[in-house]
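What follows is one structure encoded as structure tokens, with my remarks underneath.
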Amino acid sequence: MNGVDLFLLGRTLMKIGETAMPEPEGGAARYGGSTRSVLIVASDLATHPDSAVGEIAARTGLPQSQVSTAVARLKEAGAVITAPDPADRRRLLVRQAPHLSGRVAEVRATTIDDALAAALGDSTPEQLEEVTGALDVLARHLSPRTPARPRP
């Protein structure tokens with residue numbers, strides 16, 4: 001496998017993950033922004049609490065407008081809270097909510113089984129189990145808490 005293959009595999013896995021996400025109450029059309037940007041922002045906040053929108057945008061590479069939209073969705077879902085920056089009251093700092101919201105619990109409890117089966121098409125139960133096992137190994141070794149360091 002080369003870098004291009006790995007990149008394309010990563011995109012495929014992201015699409016499977018997005019497909020596995022349960023629809024928010026009121027449907028996805030009710031909310032602006034993509035599931036992908038919401039998850040990227042939530043992941044960034046897990047490792048960088050008390051961040052301003054501009055800081056999140058700089059770290060993630062997302063446009064500031066997408067970060068703002070994602071933060072609004074996360075706030076409405078009860079996943080994050082905002083507070084004024086004590087050093088500059090004009091800025092808001094964002095952090096994960098201290099308690100697990102119903103929406104976050106729902107998303108975390110959702111399995112990838114149906115989305116993975118759909119992506120694999122006419123696979124056997126053994127093939128589905130093999131792929132699921134491989135994903136479990138990758139998740140154990142390449143968790144978001146220990147990200148690979150991209151080259152500068």
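The values are calculated or read from the model by the stated rules, or taken from the named source; none is laboratory data. These numbers come from a predicted model, not from an experiment. Positions of Cβ are generated from backbone atoms using ideal geometry, with glycine treated the same way; all protein chains shown enter the neighbour counts. Side chains are part of the model used for accessible areas, which takes the heavy atoms of the whole protein and leaves out ligands, DNA and RNA. Shrake-Rupley method; radii C 1.70, N 1.55, O 1.52, S 1.80 Å.
Among residues that are part of a loop (DSSP other than H, G, I, E, B), closer than 21 Å to A139 by Cβ and out of contact with any helix residue (DSSP H, G or I) (no Cβ under 6 Å at 6 or more places or on another chain), L100 is included. Tallying residues that are open to solvent by 80 Å² or more (accessible area, probe 1.4 Å) and touching a residue at least 60 places away in the same chain (Cβ under 8 Å) within the stretch 114-127 yields 1.
Whether any residue in the stretch 66-88 is of a type in the set (K, R), in contact with a helix residue (DSSP H, G or I) (Cβ under 7 Å, 6 or more places away or on another chain), more than 28 Å from V131 (Cβ to Cβ) and surrounded by fewer than 16 Cβ atoms within 10 Å (Cβ to Cβ) is what I want to check. No, the stretch 66-88 contains no residue that is of a type in the set (K, R), in contact with a helix residue (DSSP H, G or I) (Cβ under 7 Å, 6 or more places away or on another chain), more than 28 Å from V131 (Cβ to Cβ) and surrounded by fewer than 16 Cβ atoms within 10 Å (Cβ to Cβ). Counting only helices (runs of 4 or more DSSP H) that fall entirely inside the stretch 27-92 and contain at least 1 residues that are of a type in the set (S, T, N, Q) and touching a residue at least 24 places away in the same chain (Cβ under 8 Å), the qualifying elements are 35-47, 64-76.
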